[in-house]
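The values are calculated or read from the model by the stated rules, or taken from the named source; none is laboratory data. Being a predicted model, the structure only gives us computed values, none of them experimental. As a convention, Cβ positions derive from the backbone with ideal geometry for all residues, glycine included, and neighbour counts pool all protein chains shown.
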Amino acid sequence: MSIEPPLDVAAALDILAGTDRCTALLPHFHGPLLRAVGRTLTRVTARGGHTDVIYPNEMYRHPPWLALARAQARTGTAVLVSGTPFPPLLIGPGIAVLTDRGASRPELFRDIGLTSTLDLFVRAVRGRAVELGGFDVHNGLAEREAELLALLGGGLTDAAAGKRMGYSARTVARVMADIMTRLDAASRFEAGVRAARLGWLPPGGAYRDVPKTGMPGRTRKGSSCTRV
């Protein structure tokens with residue numbers, strides 16, 4: 001295994017900025033590090049390279065973090081969100097940097113075997129992640145997420161809702177799992193209830209008759225609310 005001599009964060013990011021592809025996995029909110037990584041990704045993108053960054057679901061509960069992610073998306077970086085735990089990692093062709101929040105001495109790896117293994121791990125995390133989408137700091141659902149939640153609340157199966165939206169059933173399940181995590185909901189129905197109460201869904205939908213108080217996931221007698 002080839003571990004380079006200790007570098008500071010700026011030097012490690014400068015090496016990554018010289019590549020044509022860079023992925024960043026950033027599980028913690030540390031403003032200076034996130035902004036420094038963002039500048040690195042912008043440099044790669046400006047030269048025609050491909051960049052993406054993956055954040056955890058908890059980002060949605062942190063408006064400054066969400067605002068920073070949206071700014072990165074506007075520069076051309078693909079911003080993804082994952083419920084799968086992952087370490088702080090930056091990776092490019094044949095190079096990987098392991099760091100942590102505020103770490104001043106990241107580890108730089110160039111071993112082809114290790115970087116290939118880490119790249120496979122990154123691909124696995126990316127495969128279970130969803131795109132950031134057009135989120136607003138005051139509205140935690142993208143338009144198509146709200147549409148999907150409404151379709152499922154209306155009684156459609158995953159396959160039927162996915163067909164209508166151009167999603168596979170697997171993508172529907174992944175998107176709904178992400179929404180449930182974001183809303184700290186134990187079921188899809190509870191996610192719909194909470195989204196409705198937060199004003200994230202259009203009025204008059206499947207969750208309109210859910211009482212304002214009481215346990216999420218329970219409906220009043222005679223309610224027309226559909227369990228998802």
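The set of residues from segment 160-186 being among the small types (Gly, Ala, Ser) and in contact (Cβ under 8 Å) with a residue 60 or more places away in the chain comprises just one member, Ala177. If you check Ala124, Ala69, Ala73 for being outside any strand (DSSP E or B), modelled with pLDDT of 85 or more and within 10 Å of the chain's Cα centre (by Cα), only one passes: Ala69.
A quick yes/no check of all residues on (1) at pLDDT 85 or above; (2) within 14 Å of Ala24 (Cβ to Cβ):
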| site | (1), (2) |
| --- | --- |
| Gly92 | yes, yes |
| Ala96 | yes, yes |
| Thr99 | no, yes |
| Arg105 | no, no |
| Leu108 | no, no |
| Leu114 | yes, no |
| Asp119 | yes, yes |
| Arg128 | no, no |
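Scan segment 6-28 for residues that are surrounded by fewer than 17 Cβ atoms within 10 Å (Cβ to Cβ) and not acidic (Asp, Glu) and the total you get is 6.
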